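Visitor: Below you'll find the structure I mean.
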Amino acid sequence: MRFIGCALAWRPGEARDGVSCLVVMDERGSIIANSFVGSAKEVADAVEGYGAQRRGVILGVDAPLAVPNERGTRKIERILSKVALPAYSASRRMFGGEPYTEQLLAELERVGVEYTDYPFPQERGQRVVVEVDSAATLKILSLERAGERNGDPAQRLRRMEEPKFRKGNKEVRAVALKGAIEVLWNTPGLRLRTGNLSSDLHSPENVDLSKLDVSASMSHAELDRVVSLVEGTLAAYTVHRHWKGRDGSMVVGTGDQGSVLLPATEALHDRIAEECRAAEVPYV
């Protein structure tokens with residue numbers, strides 16, 4: 001099996017012309033490859049290549065895959081905001097009627113990877129894609145690293161600062177990225193360094209995130225590249241954790257209305273489920 005996280009350039013202004021990042025994990029949780037690609041077709045072709053001669057591939061895309069609402073926000077965004085988790089604010093209007101991710105899903109279907117809102121754990125032979133949210137995953141992992149405590153997990157999440165590695169000056173971005181990489185280093189089930197990747201940030205593929213010296217001396221373009229590696233790694237970890245069936249995860253929402261796969265221990269699962277039931281939004 002291969003587990004791929006895609007930090008997709010999907011937002012208006014970057015879609016179709018932006019660069020997306022793919023990060024690949026094996027069944028042991030090791031980062032074995034990554035690459036930077038352009039169009040939706042190139043993303044799909046790269047996924048096909050990574051999954052060739054393997055017993056399945058699960059792809060987690062860090063972008064809104066189902067956008068049914070013409071304007072406003074999706075239901076899952078309103079659910080996750082109740083527990084202080086970030087979610088994508090997307091509408092068809094912001095894309096001029098056709099979200100870029102619909103093109104991506106069509107290209108993935110061409111190579112035999114189908115959209116689903118529930119990849120079953122420990123089942124080989126799957127070729128599926130799900131929506132994930134790297135920012136939410138990072139926040140949840142930070143909560144888990146802080147250790148078990150009594151009380152409402154939503155309140156603890158609300159007191160946490162949002163990482164600011166996408167916007168701001170270079171000093172702020174570099175500090176936030178270092179913090180995110182430290183969280184990844186200390187995440188059980190994820191092997192960030194495997195010895196077969198390069199420390200050359202400008203390489204088009206196989207960059208070792210753990211070897212990079214992230215600092216404010218980097219350009220914003222270089223920091224953007226590191227952000228993509230971090231987001232792709234978080235996306236790959238999310239689908240791998242779900243497939244392994246340990247440490248906890250859940251799917252919020254349904255495929256046609258928008259669903260997102262999240263890591264979630266029992267306490268957080270129960271808290272999100274409470275909001276889902278109140279809003280009559282399905283969850284697993």
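Visitor: Residues that are over 26 Å from residue 49 (Cα atoms), surrounded by 20 or more Cβ atoms within 10 Å (Cβ to Cβ) and touching a residue at least 40 places away in the same chain (Cβ under 8 Å): does segment 228-243 have at least one?
Guide: No, every residue in segment 228-243 fails to be over 26 Å from residue 49 (Cα atoms), surrounded by 20 or more Cβ atoms within 10 Å (Cβ to Cβ) and touching a residue at least 40 places away in the same chain (Cβ under 8 Å).
Visitor: What's the total number of residues in segment 64-115 that are out of contact with any Ser or Thr (no Cβ under 6 Å at 6 or more places or on another chain), of a type in the set (Ser, Thr, Tyr) and under 16 Å from residue 11 (Cα atoms)?
Guide: The number of residues fulfilling the criteria is 4.
Visitor: Could you tell me whether segment 22-38 includes any residue that is touching a Ser or Thr at 6+ places or on another chain (Cβ under 8 Å), in a helix (DSSP H, G or I) and buried (at least 16 other Cβ atoms within 10 Å of the Cβ)?
Guide: Scanning segment 22-38 turns up no residue that is touching a Ser or Thr at 6+ places or on another chain (Cβ under 8 Å), in a helix (DSSP H, G or I) and buried (at least 16 other Cβ atoms within 10 Å of the Cβ).
Visitor: So, in segment 113-163, how many residues would count as being touching a His at 6+ places or on another chain (Cβ under 7 Å) and polar (S, T, N, Q)? Before you say what the answer is, go through the steps one by one.
Guide: Initial filter on segment 113-163 (touching a His at 6+ places or on another chain (Cβ under 7 Å)): 119, 121.
Imposing the further condition that a residue be polar (S, T, N, Q) reduces the set to none.
Qualifying residue count for the region: 0.
Visitor: Scan segment 137-160 residue by residue and report those that are surrounded by fewer than 14 Cβ atoms within 10 Å (Cβ to Cβ) and under 19 Å from the mean Cα position of the chain (by Cα).
Guide: Passing the criteria: only 145.
Visitor: Mind listing whichever residues of segment 204-227 are small (Gly, Ala, Ser) and surrounded by 14 or more Cβ atoms within 10 Å (Cβ to Cβ)?
Guide: If we filter segment 204-227 for residues that are small (Gly, Ala, Ser), which is where we start, we get 210, 215-217, 219, 221.
Listed by number, the residues that qualify are 210, 215.
Visitor: Oh, and also: Need at least 3 residues that are over 21 Å from residue 62 (Cα atoms) per element, so show me which helices (runs of 4 or more DSSP H) inside segment 119-236 make the cut, counting only ones lying wholly within it. Reasoning before the result, please.
Guide: Details: elements: 134-145, 153-159, 170-185.
Counting at least 3 such residues, we get 153-159, 170-185.
So that you can scan it fast, the table gives a plain yes or no per residue for (1) modelled with pLDDT of 90 or more; (2) within 20 Å of residue 255 (Cβ to Cβ); (3) not β-branched (Val, Ile, Thr):
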residue	(1), (2), (3)
23	yes, no, no
27	yes, no, yes
30	yes, no, yes
36	yes, no, yes
47	yes, yes, no
53	no, no, yes
75	no, yes, yes
88	no, yes, yes
91	no, yes, yes
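Visitor: Give me the residue from segment 45-78 that is assigned to a loop (DSSP other than H, G, I, E, B) and acidic (Asp, Glu) and, out of that set, surrounded by the fewest Cβ atoms within 10 Å (Cβ to Cβ).
Guide: Taking segment 45-78 and keeping what is assigned to a loop (DSSP other than H, G, I, E, B), we get 52-56, 62-74.
Checking which are acidic (Asp, Glu) leaves us with 62, 70.
Details: 62: 26, 70: 9.
Going through the qualifying residues, I end up with 70.
Visitor: Please tell me if residue 63 is in contact with a helix residue (DSSP H, G or I) (Cβ under 6 Å, 6 or more places away or on another chain) and modelled with pLDDT under 95. Explain how you work it out, then say what you get.
Guide: Numbers: in contact with a helix residue (DSSP H, G or I) (Cβ under 6 Å, 6 or more places away or on another chain): yes; modelled with pLDDT under 95: yes.
Yes: the conditions hold for residue 63.
Visitor: Limited to segment 100-127, what total is found for residues that are surrounded by 18 or more Cβ atoms within 10 Å (Cβ to Cβ) and of a type in the set (D, E, K, R)?
Guide: 3
Visitor: Now a separate question. Considering only segment 248-264, state which residues are part of a loop (DSSP other than H, G, I, E, B), closer than 21 Å to residue 27 by Cα and either among the basic types (Lys, Arg) or in contact (Cβ under 8 Å) with a residue 60 or more places away in the chain (or both).
Guide: Initially, segment 248-264 is screened for residues part of a loop (DSSP other than H, G, I, E, B), giving 248, 255-257, 264.
Subset that is closer than 21 Å to residue 27 by Cα: 248, 264.
Answer for segment 248-264, where residues must be part of a loop (DSSP other than H, G, I, E, B), closer than 21 Å to residue 27 by Cα and either among the basic types (Lys, Arg) or in contact (Cβ under 8 Å) with a residue 60 or more places away in the chain (or both): just 264.
Visitor: Which of the following residues is in a loop (DSSP other than H, G, I, E, B) and of a type in the set (Ser, Thr, Tyr): 81, 89? Quick ask: steps written out before the conclusion?
Guide: Numbers: 81 fails: in a loop (DSSP other than H, G, I, E, B).
Going through 81, 89 in turn, just one is in a loop (DSSP other than H, G, I, E, B) and of a type in the set (Ser, Thr, Tyr): 89.
Visitor: Quick check: anything in segment 91-99 hydroxyl-bearing (Ser, Thr, Tyr), more than 21 Å from residue 284 (Cα to Cα) and surrounded by fewer than 18 Cβ atoms within 10 Å (Cβ to Cβ)? Reasoning before the result, please.
Guide: Taking segment 91-99 as the starting set, the residues that turn out to be hydroxyl-bearing (Ser, Thr, Tyr) are 91.
Now restrict to residues that are more than 21 Å from residue 284 (Cα to Cα): 91.
Of the ones still in play, those that are also surrounded by fewer than 18 Cβ atoms within 10 Å (Cβ to Cβ) are 91.
Yes, the conditions are met somewhere in segment 91-99.
Visitor: Residues in segment 92-112 that are assigned to a loop (DSSP other than H, G, I, E, B) and under 19 Å from the mean Cα position of the chain (by Cα): how many?
Guide: Residues of segment 92-112 that are assigned to a loop (DSSP other than H, G, I, E, B), as a first pass: 92, 96-99, 111-112.
Among the residues that remain, those that are also under 19 Å from the mean Cα position of the chain (by Cα) are: 99.
Residues meeting the conditions: 1.
The values are calculated or read from the model by the stated rules, or taken from the named source; none is laboratory data. Note that the structure is a prediction, hence the values are computed from the model and not measured. Neighbour counts run over all protein chains shown; Cβ positions are idealised from the backbone, glycine included.
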